[in-house]
Amino acid sequence: MNKYLRHLLLTIAGIYLILMSSFLSPAFAQVSYTPPAQSASVLRDIPFNQAVPVDEAYRKEFENCDQKDTFRGFSLPIIRRCKNDPNNVKALLKFSDGTIFIESKLSLDIDGSWLACKGQGAPTSQCPTSFSWPTETQEPNKFVDPDNFAYIVNPVSNFQKSNDPGGNQLFEKKTGVKLGDLGVVVYKNKVVPVFVADSGPYNKLGEGSSLLHQLIGEDKCKPGKRRTDGKTRPDLEKRWTSDTYCEDHKDVSVDDKVLFFIFPNSKISDLSPSNAVAKINAEALKRFENLKDNRQGVIQLNQPQSGQSFAVNTAVTFSGTANPEVSRIKVSIGPGGLFEIADLKNIKKNWTFQQVFNTKGINRPVTIQPFNATDKPLKPLNFTITIQ
């Protein structure tokens, strides 16, 4: 080959690579992730190879907070700084079904506790929790007691005199996780069902209730400070909504390797203090098991990506591949009850169709239901898209 032609081709190839790299936003840059070896036994069937970053630039803001006490370029007030209690956010991922995954530390939240409501509390604790039981109207009964319920915290709270008024909206916008949503926390070989019951500073990721710490083997109640006389204490003004409570906690975090699987749009509407544990455990563990099953699915989605956003009234292309046993595919979208948008018959290995959406919605659930030759339903594929 002529050396000048060869030089020209190499130059063109270099320009092409530079241009292509400019289109790969750091928000969606692919990163490899390996979960902690200490949890391998309970994560064996989780398809981490199917998970994609929620937004790497956003995740790295938590690293900036850990290292520089800044978030999105803004300096933080002393009480909200991270250096002394680093987030250690090693991963912020989304699975194809919309499940959000986080690896970070776990700090203590005692909002809603006897200590916060009746005792000395702590500098950053308060009696109310962001989530209130829909069946309760009186305080403090309507708040979620962290000594008796395993809950986690949404990082969506702003702080006074913040120079970053939009920072508190980022987590919900990017993940779709809201108050009441269910999840599972994994630490070492422990698997604990949880729900989102409180809000915390938007620059702090990885907080959970005192019971959650206890259930993962990291009890924060100081020795001799756990009591079981909450409803019968002789001092009436100190009586509590539950018998079990802690009078004083060790305010130290689990430093790292705590894993959160959170399921957007999973809130249970009729939770009460009496039924919450049973209902949360059943539904959260079912969703965790379903996540494991996804790698055995008969439908593989090429596009769109779960969580991807599209403009209203524009065509959205759906495409993927199907295993040989699939002969038909029905596709439905919510919310407000799923309605059918496609019924594809005589499916071959590759399938595709387009659909225009004229109704806006964040994290709209999509279900792809495959059938075999006898019209028997096979394992569905679930994910979300946003129309804006």
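The values are calculated or read from the model by the stated rules, or taken from the named source; none is laboratory data. All of these numbers come straight from a predicted model, not from anything done at the bench. Every residue, glycine as well, gets a Cβ built from its backbone with ideal geometry; the counts of neighbours run over all protein chains shown.
Here are the numbers:
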{"item": "Residue count, region 227-249 (criterion: under 28 Å from Phe101 (Cβ atoms) and in a loop (DSSP other than H, G, I, E, B))", "result": "0"}
{"item": "Some residue of region 250-259 being under 30 Å from Pro47 (Cβ atoms), at pLDDT 95 or above and of a type in the set (Lys, Arg)", "result": "yes"}
{"item": "Those residues of region 363-380 which are among the hydrophobic types (A, V, I, L, M, F, W, C) and more than 29 Å from the chain's Cα centre (by Cα), in sequence order", "result": "Phe371, Ala373"}
{"item": "Pairs, first farther than 17 Å from Leu301 by Cβ and in contact (Cβ under 8 Å) with a residue 60 or more places away in the chain in region 359-386, second assigned to a strand (DSSP E or B) and β-branched (Val, Ile, Thr), C-beta under 8 Å, six or more apart", "result": "Ile362/Thr386"}
{"item": "Residue match in region 295-317 (condition: modelled with pLDDT under 90 and among the charged types (D, E, K, R))", "result": "yes"}
{"item": "Residue check, Leu259 among the aliphatic types (A, V, I, L, M), touching a Pro at 6+ places or on another chain (Cβ under 8 Å), more than 23 Å from Phe357 (Cα to Cα) and in a strand (DSSP E or B)", "result": "yes"}
{"item": "Residue count for region 225-274, restricted to those that are of a type outside the set (Ser, Thr, Tyr) and more than 25 Å from Tyr187 (Cα to Cα)", "result": "17"}
{"item": "Region 122-145 - residue that is in contact with a helix residue (DSSP H, G or I) (Cβ under 6 Å, 6 or more places away or on another chain) and over 20 Å from Tyr202 (Cβ atoms) and, of those, surrounded by the fewest Cβ atoms within 10 Å (Cβ to Cβ)", "result": "Cys127"}
{"item": "All strands (runs of 3 or more DSSP E) inside region 91-158 with 1 or more residues being in contact with a strand residue (DSSP E or B) (Cβ under 9 Å, 6 or more places away or on another chain), basic (Lys, Arg) and closer than 26 Å to Asn265 by Cβ", "result": "91-94"}
{"item": "Filtered residues of region 283-299 (kept if in contact (Cβ under 8 Å) with a residue 24 or more places away in the chain and either assigned to a helix (DSSP H, G or I) or surrounded by fewer than 15 Cβ atoms within 10 Å (Cβ to Cβ) (or both))", "result": "Glu283, Ala284, Leu285, Arg287, Phe288, Asn290, Leu291, Lys292, Asp293, Asn294, Arg295, Gln296"}
{"item": "Residue match in region 124-135 (condition: closer than 30 Å to Ser32 by Cα, in contact with a Ser or Thr (Cβ under 9 Å, 6 or more places away or on another chain) and at pLDDT 95 or above)", "result": "no"}
{"item": "Which listed residue is at pLDDT 95 or above, under 28 Å from Lys292 (Cα atoms) and surrounded by fewer than 17 Cβ atoms within 10 Å (Cβ to Cβ), from Lys68, Lys105, Lys60", "result": "Lys60"}
{"item": "Scan of region 298-316 for residues that are touching a strand residue (DSSP E or B) at 6+ places or on another chain (Cβ under 6 Å) and small (Gly, Ala, Ser), ordered by number", "result": "Ser306, Gly307, Ser309, Ala315"}
{"item": "Flag for Thr317 being surrounded by fewer than 16 Cβ atoms within 10 Å (Cβ to Cβ) and part of a strand (DSSP E or B)", "result": "yes"}
{"item": "Test: Arg287 is among the basic types (Lys, Arg) and within 22 Å of Gly176 (Cβ to Cβ)", "result": "yes"}
{"item": "Selection count where residues are surrounded by fewer than 18 Cβ atoms within 10 Å (Cβ to Cβ) and assigned to a strand (DSSP E or B), scope region 335-361", "result": "13"}
{"item": "Top-ranked residue in region 71-81 [being aliphatic (A, V, I, L, M) and assigned to a helix (DSSP H, G or I); ranked as surrounded by the most Cβ atoms within 10 Å (Cβ to Cβ)]", "result": "Ile79"}
{"item": "Candidates Ser306, Ser332, filtered to the one that is surrounded by 12 or more Cβ atoms within 10 Å (Cβ to Cβ) and assigned to a strand (DSSP E or B)", "result": "Ser332"}
{"item": "Tally, over region 236-268, of residues that are over 30 Å from Phe48 (Cα atoms) and among the small types (Gly, Ala, Ser)", "result": "1"}
